[in-house]
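*Asks:* Structure provided below as structure tokens; questions to follow.
Each value in this text was obtained by applying a stated rule to the coordinates, not by laboratory testing. Fair warning: this is a prediction, and the values are worked out from it, not measured in the lab. Cβ coordinates were reconstructed from backbone atoms using ideal geometry, including for glycine residues, and neighbour counts include every protein chain displayed.
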Amino acid sequence: MEDTIFLTKASLPSYDEYVEEIKTIWDSNWITTFGPKHSCLESTLMKFLQCEKTMLFTNGHCALEMAIQAMGLSGEVITTPYTFASTTNAIVRNGLIPVFCDITPDTCNIDSQKIEELITENTSAIIPVHVYGNVCEIETISEIAKKHSIKVIYDAAHAFGVKYKGVSVATFGDASVFSFHASKVFNTAEGGAVCFDDIAFGERLKCIRNFGLEDADGIYPAGNGKMSELSASLGLCNLRHFEENVNKRKKLTEAYVGCLADIKEITFLKKQKDTVSNYAYLPIKLSNRENRDFLYINLQKKKIMCQKHFGIITSSFSCYKDRFKGNTPIAKEISEKILLLPLYADLREEQVIYICDVIRQLIEERNF
Ligand SMILES: *Cc1c(COP(=O)(O)O)cnc(C)c1O
């Protein structure tokens, strides 16, 4: 009998590696506010993500909210409801109006063919999400943005380390925002980053990250977005093992696909062409809500944790329902069919085989 198999498990370096990394912090007593670990992680990530500039933040949400503020947007922002609460909340909390665009079933990303019809004279930006690390239709989105002189901020929280046609995902749009939360492929416990190349934007963002202060004067009404030295140290350690972890996730993903390939009831999202994946999540698609919910309940009864994704699309949240424009039937339908299965670097292949056996049994017993 197996113990509980969790949906995800935070990647950690060895205890000794972390202790070694933080020794200098105990010597200097510098535990937060732009210390040496912070600047080391910023420059290391800049190289790793192959972008002009990387700025660290307390968490991914804070990074997104502050990137939106620094971009100086107004009016309406076209975005996707098939995302984590953070994307929509960051738009609304900046006093902007989200306009919801539908998604494509292949990637679960914003459907670039449906963006232009939503643009009005009040539109100032597009905020797409690279869902499950699938890369958005960046060429089309960039053409639309250029044509209408609007900004693009990618919520790249799922896409750390992803490359498209050999180019890092961090370089797309006017800014790309990452989350380094414990549940993400690369973590600093809590943390996030904004990648960009515009110097003036960077100056504003830097100021906004630090309460909007400039020489004791407040020039923006802003909060606190600073990452601590302890988080930055964890990031420096975790980054050393990132590639090895992605390779482990890749093997496990292939094991899942191999084991479940002959089950007609289950489909995987299509593998993207020209893309280096980070294997961040393992979404499977069922044919309807009843079957998805049946698997969800019964896998948990067998101590296999899984997640309905995204349980409720953000446009249907109690706080947003009927408040904003956008008809998104595909997003709604997909959100009723997707289930995330356990995936993390330390998951063992035997556990994947066990999970797949349980899924097979449940499907056969129910005969759906
Ligand atoms: C995790 C996540 C965020 C928020 O990141 P935090 O670091 O948890 O604040 C934003 N958007 C998406 C799509 C996410 O998955």
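*Asks:* I need the full set of residues from region 337-359 which are surrounded by 16 or more Cβ atoms within 10 Å (Cβ to Cβ) and among the charged types (D, E, K, R), in order please.
*Replies:* Correct list: Lys337 only.
*Asks:* Still on this structure, I have one more. All but one of (1) of a type in the set (Gly, Ala, Ser); (2) surrounded by fewer than 21 Cβ atoms within 10 Å (Cβ to Cβ); (3) touching a strand residue (DSSP E or B) at 6+ places or on another chain (Cβ under 8 Å) hold for Ala216; which doesn't?
*Replies:* Every listed condition holds for Ala216 apart from (3).
*Asks:* Looking at Ser142, Ser86 in this structure, which one is hydroxyl-bearing (Ser, Thr, Tyr), closer than 28 Å to Phe48 by Cα and buried (at least 18 other Cβ atoms within 10 Å of the Cβ)?
*Replies:* Just a single option satisfies the conditions, and that option is Ser86.
*Asks:* Go through region 166-195 and give me each residue that's buried (at least 19 other Cβ atoms within 10 Å of the Cβ), among the small types (Gly, Ala, Ser) and over 14 Å from Gly133 (Cα atoms).
*Replies:* Listed by number, the residues that qualify are Gly173, Ala175, Gly191, Gly192, Ala193.
*Asks:* Counting only residues that are under 19 Å from Val169 (Cα atoms) and in contact (Cβ under 8 Å) with a residue 60 or more places away in the chain, how many does region 271-293 have?
*Replies:* Of region 271-293, the ones under 19 Å from Val169 (Cα atoms) are 271-281.
Now narrow it down to the ones that are in contact (Cβ under 8 Å) with a residue 60 or more places away in the chain: 272, 274-281.
Looking only at that region, the number is 9.
*Asks:* Do you know which residues across region 158-194 are touching a Lys or Arg at 6+ places or on another chain (Cβ under 7 Å) and of a type outside the set (Val, Ile, Thr)?
*Replies:* Residues satisfying the conditions are Phe160, Asp174.
*Asks:* Scan region 2-28 for residues that are farther than 21 Å from Gly191 by Cβ and surrounded by 16 or more Cβ atoms within 10 Å (Cβ to Cβ) and jot them down.
*Replies:* Listed by number, the list holds a single entry, Ile5.
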